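Handing you this structure, nothing more for now.
The values are calculated or read from the model by the stated rules, or taken from the named source; none is laboratory data. Predicted model only: the values in this text are computed from it and were never measured. Reconstructed Cβ throughout: ideal geometry from the backbone, glycine too, with neighbour counts over all protein chains shown.
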Amino acid sequence: MKYILNIFIFIFSTSSYCFTECNVHFYPTIFYFEKTEDPSPDYFFKKTDCPLDVQQKIIKAIYSYDSNLKAKYIEKIISEEIPNYKIKIIPDQFKFIEFKNYLQNHLILAKDHMIIKANLLNNSPFLKLDAEQKIKFTCDDCHFLGHKNVKISILNESTGTSINEWAIAMIATKTKVLISTKNINPSNTGFLENDFREDYIYATQPELYFSSLNEIQFYRPTQSLAEGNVLKYNDIIPLDIVKYGHPTSIIFQKDGISLFGTAIPVKNAKYNEIVKLQRQNKTYVSGRVINFNQVKVDL
């Protein structure tokens, strides 16, 4: 009786440690353009005999990475999540990396330029390579900002054949901008400095953005601006800060010496404009508008 009981315990304990085994063959290199929800396993696996729910858990396990991955490390993660499965991952190492970062490191770009987005023209979220495939990029105008076409040449070294894919890369530069700190309504009066805060974004057209916090007082909004709006030149219009017929301070500067006086503008003028003024002795001078009712004349 005791012998039979021991056999029963042995059989029970052995069965409790049984594993379901399955294999996953990853593509050696997988570039992702975006991490989509519930991606097809076909983007990742050359072949597998694991059930679909296990495949999805394997993909989920690698989704938080962007690097060279070791099979044993992923197997360990999966074994903790699915303890009744013994999963073998092939090859021993594979790459799961973001395409735009890889492209950034393999194109010659201007020092202050960055690829902020890249998409395949066929809209696939992934690009996979076999071990015998190598990749090369060609972009004739990627030294300029904007949306650029990138030719992706994929060479099979074992057969000598190649195929081409096309991607669009968005190349931007770090740009100083002003961001509204509150909702702002259209007005005939100028902005206040505390209406905005300074920040930086990556922009493909930096010339569109207004960036001088010190000069914002010389402009007014052309439309309503929501809190968090990045200020563009078409959001603002300059004020007339020197008025026709109104006495205006003039500063004469030469070789570090400044002289001050008063004159009458012959027209309205905006910040940084050149305006003509009449002095008390009926002579005229021209200078650049630098502040409210203030003009600088360089002698």
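For segment 251-291, which positions are more than 21 Å from Phe218 (Cβ to Cβ) and of a type in the set (Asp, Glu)?
Asp255
Conditions first: (1) farther than 30 Å from Leu121 by Cα; (2) assigned to a strand (DSSP E or B); (3) of a type outside the set (A, V, I, L, M). Asn188 passes all but one, so which condition is the exception?
(2)
Output the number of the condition that Ala61 fails; it satisfies all remaining conditions of (1) under 26 Å from Asn164 (Cβ atoms); (2) among the small types (Gly, Ala, Ser); (3) free of Cβ contacts under 8 Å to residues at least 24 places away in the same chain.
Checking Ala61 against (1) under 26 Å from Asn164 (Cβ atoms); (2) among the small types (Gly, Ala, Ser); (3) free of Cβ contacts under 8 Å to residues at least 24 places away in the same chain, the one that fails is (1).
Could you please give the count of residues in segment 20-30 that are part of a strand (DSSP E or B) and farther than 25 Å from Ile168 by Cβ? Before the answer, list the steps.
Restricting attention to segment 20-30, the residues satisfying the condition of being part of a strand (DSSP E or B) are 20-26, 29-30.
Then drop every residue that is not farther than 25 Å from Ile168 by Cβ, which leaves 20-26.
Total meeting the criteria: 7.
Does at least one position in segment 155-169 carry a residue that is at positive phi, more than 26 Å from the chain's Cα centre (by Cα) and not polar (S, T, N, Q)? Can you show your working first?
Taking segment 155-169 and keeping what is at positive phi, we get 160.
When the remaining residues are screened for being more than 26 Å from the chain's Cα centre (by Cα), the result is 160.
Filter once more, keeping what is not polar (S, T, N, Q): 160.
The answer is yes; a qualifying residue exists.
Cβ-Cβ distance below 7 Å, separation of 6 or more or different chains: which pairs start in segment 272-287 with a residue that is in the same structural domain as Thr262 (by TED's automatic domain parsing) and end on one that is surrounded by 10 or more Cβ atoms within 10 Å (Cβ to Cβ) and not in a strand (DSSP E or B)?
What qualifies is Val275/Lys267; Lys276/Val266; Leu277/Val266; Gln278/Val266; Val285/Arg279.
Continuing with the same structure: Looking at segment 135-169, which of the residues that are more than 26 Å from Lys111 (Cβ to Cβ) and in contact with an Asp or Glu (Cβ under 6 Å, 6 or more places away or on another chain) is modelled with the highest pLDDT?
If we take residues in segment 135-169 being more than 26 Å from Lys111 (Cβ to Cβ) and in contact with an Asp or Glu (Cβ under 6 Å, 6 or more places away or on another chain), then Asn156 is modelled with the highest pLDDT.
Just checking, does segment 186-199 include any residue being in contact with a Gly (Cβ under 8 Å, 6 or more places away or on another chain) and either over 29 Å from Glu34 (Cβ atoms) or among the charged types (D, E, K, R) (or both)? I'd like the intermediate steps shown before the answer.
To start, the set of residues in segment 186-199 that are in contact with a Gly (Cβ under 8 Å, 6 or more places away or on another chain) comprises none.
No - not one qualifying residue is present in segment 186-199.
Moving to a separate point now. Scan segment 31-89 for residues that are in a loop (DSSP other than H, G, I, E, B), of a type in the set (Asp, Glu) and under 30 Å from Ile116 (Cα atoms) and jot them down. Walk me through it before giving the result.
Filtering segment 31-89 down to residues in a loop (DSSP other than H, G, I, E, B) leaves 33-40, 44, 49-51, 63-66, 82-84.
If we keep only those that are of a type in the set (Asp, Glu) too, we end up with 34, 37-38, 49, 66.
Glu34, Glu37, Asp38, Asp66 - these are the residues of segment 31-89 that are in a loop (DSSP other than H, G, I, E, B), of a type in the set (Asp, Glu) and under 30 Å from Ile116 (Cα atoms).
Tell me, which residue of segment 90-100 that is under 30 Å from Met114 (Cα atoms) and not aromatic (Phe, Trp, Tyr) is surrounded by the fewest Cβ atoms within 10 Å (Cβ to Cβ)? Don't jump to the end; show me each part of the working.
Kept after step one, since they are under 30 Å from Met114 (Cα atoms), are these residues of segment 90-100: 93-100.
Then drop every residue that is not not aromatic (Phe, Trp, Tyr), which leaves 93, 95, 97-98, 100.
Numbers: Gln93: 13, Lys95: 17, Ile97: 16, Glu98: 16, Lys100: 20.
For segment 90-100, the residue satisfying everything is Gln93.
Also, quick follow-up: Identify the residue in segment 204-235 that is β-branched (Val, Ile, Thr) and in a loop (DSSP other than H, G, I, E, B) and, among all such residues, is farthest from Leu109 (Cα to Cα). Steps first, please.
Step one: of segment 204-235, the residues β-branched (Val, Ile, Thr) are 204, 216, 222, 230.
Now restrict to residues that are in a loop (DSSP other than H, G, I, E, B): 204, 222.
Working: Thr204: 14, Thr222: 36 Å.
For segment 204-235, the residue satisfying everything is Thr222.
Name every residue in segment 265-277 that is surrounded by 14 or more Cβ atoms within 10 Å (Cβ to Cβ) and in a strand (DSSP E or B), in order of residue number.
Restricting attention to segment 265-277, the residues satisfying the condition of being surrounded by 14 or more Cβ atoms within 10 Å (Cβ to Cβ) are 265-266, 268-271, 273, 275-277.
Across segment 265-277, the qualifying residues are Pro265, Ala269, Lys270, Val275, Lys276, Leu277.
Check off (1) within 30 Å of Glu207 (Cβ to Cβ); (2) out of contact with any strand residue (DSSP E or B) (no Cβ under 6 Å at 6 or more places or on another chain) for Asp255 and give me the number that stays unchecked.
Status for Asp255: all satisfied but (1).
Here is a yes/no grid of residues against (1) in a strand (DSSP E or B); (2) in contact with a Pro (Cβ under 7 Å, 6 or more places away or on another chain); (3) surrounded by fewer than 18 Cβ atoms within 10 Å (Cβ to Cβ):
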| residue | (1), (2), (3) |
| --- | --- |
| Gln104 | no, no, yes |
| Asp140 | no, no, yes |
| Lys148 | yes, no, no |
| Ser153 | yes, no, yes |
| Ser158 | no, no, yes |
| Ala167 | yes, no, no |
| Lys174 | yes, no, yes |
| Leu178 | yes, no, no |
| Ile201 | yes, no, yes |
